[in-house]
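Notes for the one structure printed next.
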Amino acid sequence: MKVWAILIALALGMAMVPSCKEKSQVSSRVIVTAVGIDGTEGSAEGVRLAVQTVEPLLTSGSLTEQKENATAVYEAEGETVADALNSFVSLTGRSAFILHNRVIAIGLEQAKSGTLASLTDYFIRSREGRPLADVVISRTTAADLLSQKSTAFTIPSEQISMLLQEGRRRGTAVRTRLLDLERASSGMYDVAIPIVEAMGEGEESRLCVTGTALFRGGTYVGEADPAATRGLLLLQEAPEACPYVLDRGEEGCFTAEIEKASCSIRVEQEGERAHFYITTGIRAAIADESRPRRLTEEMRQGLEKALAEEVQADIRRAVDQSVIRCGCDAIGLQRRIMQQIPSLVKEGSDRWPEELRSCSYEIEVKAEIAQFGEEAELSALVGSGFTPPACR
């Protein structure tokens, strides 16, 4: 009986040992962690890809165990993204495994000259495509962005993903996934994509979000500044730790940190146009103050009013820069018209993206700054029985 048990254990062990064929399959591939898309030099047609990869045979359990980073950036050109990836295989003799791709970076100039549909169609169609891959715009070129070294992250693309994740919480960066681009093709809303820029040189180089690229129907139409970006995020109910510094003169400076935001958008018909009532409820807490003291009720009411005014200005800026100036419906206003006044859109749905520029917008913000241990009821701030709709 013991002999049989030993034989079975040996057979299982040998079956689990990787074969030479499997090792050959691994060595013939590179694992793609990010893809950058730029235009080709001296030609209006074609694309140049920067492919950030992990070398499987240089890893043993964890990238942190390696003496050197096991990542590399390759470049390839082609008429389309698919053609450039085929060129990559021809040049390196190795195939690209994109199932682990985390970031798709597009150079700003390429984004201005092409459309999102043409630049990302390969990743949307591919069976290996990752729908939750982050999409970013590089202020310079995508190759510059992906070539940045990271000492804090084993895989450089992780730094971009974490930058967007924390930026969304803190009101500094929208976060757009590949799935968002696919959904936006329905025409019910437009997309806003974060602009990431490499700041500094050498070891002091770092990645920063410096704005938001606005698109209408997949075509670049302009850029939103950091304040307008914060307003867009508030309309999406995204911030969870968004700071506002409130200067109260003789009372000193206070930092109010928004912990929760709820947004309600109501539409009423005014002739052939729509009037939007945007109501936002804010719950915040005092993170610090320049002159620590006991917060009186009068002081708290003054801070709530000041915070509401700051938030209202950011939301107004978001509407002005995205909808009125650029005609980008990243807020999803046309979809709300369809839900609340469908007859208004059916009369001429093609004209509404442009009509949104001439619509009127009434913005109201109600803020509550909670004392220690208190919980503010956001439903009371935006109206009884209100259930916040998903802005995206």
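The values are calculated or read from the model by the stated rules, or taken from the named source; none is laboratory data. Please read all numbers here as calculations on a predicted model, not as lab measurements. Neighbour counts run over all protein chains shown; Cβ positions are idealised from the backbone, glycine included. To get the accessible areas, we keep the full protein, side chains included, count just its heavy atoms, and leave off ligands, DNA and RNA. Shrake-Rupley method; radii C 1.70, N 1.55, O 1.52, S 1.80 Å.
Checking each residue of segment 238-259 against the condition of being closer than 24 Å to Ile193 by Cα, touching a Cys at 6+ places or on another chain (Cβ under 9 Å) and open to solvent by less than 30 Å² (accessible area, probe 1.4 Å) gives at least one match. Here Asp320 clears all of (1) in contact with a strand residue (DSSP E or B) (Cβ under 8 Å, 6 or more places away or on another chain); (2) open to solvent by 50 Å² or more (accessible area, probe 1.4 Å) except the condition numbered (1). Within the set Ala213, Ala133, the sole residue that is over 17 Å from Gly39 (Cβ atoms) and touching a helix residue (DSSP H, G or I) at 6+ places or on another chain (Cβ under 7 Å) turns out to be Ala133.
I want to confirm something. Restricting to segment 46-81 and keeping residues that are among the polar types (S, T, N, Q) and at pLDDT 80 or above, which single residue is nearest to Gly114 (Cα to Cα)? Break it down stepwise before answering.
First pass over segment 46-81, keeping only residues among the polar types (S, T, N, Q): 52-53, 59-60, 62, 64, 66, 69, 71, 80.
Add one more test, that the residue is at pLDDT 80 or above, and what stays is 52-53, 80.
On the way: Gln52: 22, Thr53: 25, Thr80: 12 Å.
By that ranking, first place goes to Thr80.
For the condition of a type in the set (Lys, Arg), free of Cβ contacts under 8 Å to residues at least 12 places away in the same chain and either closer than 22 Å to Tyr189 by Cβ or out of contact with any helix residue (DSSP H, G or I) (no Cβ under 7 Å at 6 or more places or on another chain) (or both), what is the one hit in Arg273, Arg335, Arg293, Arg316?
Numbers: Arg273 fails: free of Cβ contacts under 8 Å to residues at least 12 places away in the same chain; Arg335 fails: free of Cβ contacts under 8 Å to residues at least 12 places away in the same chain; Arg316 fails: free of Cβ contacts under 8 Å to residues at least 12 places away in the same chain.
Sole residue among the options that is of a type in the set (Lys, Arg), free of Cβ contacts under 8 Å to residues at least 12 places away in the same chain and either closer than 22 Å to Tyr189 by Cβ or out of contact with any helix residue (DSSP H, G or I) (no Cβ under 7 Å at 6 or more places or on another chain) (or both): Arg293.
Restricting Val209, Val196, Val221 to those that are closer than 24 Å to Ser147 by Cβ, open to solvent by 10 Å² or more (accessible area, probe 1.4 Å), aliphatic (A, V, I, L, M) and in contact with a Leu (Cβ under 7 Å, 6 or more places away or on another chain) reduces the list to Val209.
Of all the listed residues (Ala84, Ala96), the sole one being buried (at least 16 other Cβ atoms within 10 Å of the Cβ), within 18 Å of Phe123 (Cβ to Cβ) and modelled with pLDDT under 80 is Ala96. When restricted to residues that are part of a helix (DSSP H, G or I), hydrophobic (A, V, I, L, M, F, W, C) and buried (at least 18 other Cβ atoms within 10 Å of the Cβ), segment 264-305 contains 1.
Under the condition of being in a strand (DSSP E or B) and without any contact (Cβ under 8 Å) to a residue 40 or more places away in the chain, which residue from segment 224-258 is nearest to Ala370 (Cα to Cα)? Write out each step before concluding.
As a first pass, look at segment 224-258 and keep what is in a strand (DSSP E or B): 224, 242-247, 253-258.
So of that shortlist, the ones also without any contact (Cβ under 8 Å) to a residue 40 or more places away in the chain come out as 245, 247, 253, 255, 257.
On the way: Val245: 16, Asp247: 18, Cys253: 17, Thr255: 13, Glu257: 11 Å.
The selected residue is Glu257.
Every residue, every condition in (1) within 22 Å of Ala261 (Cβ to Cβ); (2) at pLDDT 95 or above; (3) hydroxyl-bearing (Ser, Thr, Tyr); (4) within 15 Å of the chain's Cα centre (by Cα), yes or no:
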residue	(1), (2), (3), (4)
Ser161	no, no, yes, yes
Gln165	yes, no, no, yes
Ala213	no, yes, no, yes
Arg216	no, no, no, no
Ala227	yes, yes, no, no
Leu232	yes, yes, no, yes
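Considering segment 324-347, and only residues there that are open to solvent by less than 10 Å² (accessible area, probe 1.4 Å), of a type in the set (Val, Ile, Thr) and more than 20 Å from Ala173 (Cβ to Cβ), the residue that is modelled with the lowest pLDDT turns out to be Val345. Scanning segment 359-371 for residues that are modelled with pLDDT under 90 and open to solvent by 50 Å² or more (accessible area, probe 1.4 Å) yields a count of 1.
Total residues in segment 149-179 satisfying the condition of being open to solvent by less than 20 Å² (accessible area, probe 1.4 Å) and either among the β-branched types (Val, Ile, Thr) or assigned to a helix (DSSP H, G or I) (or both): the figure is 9.
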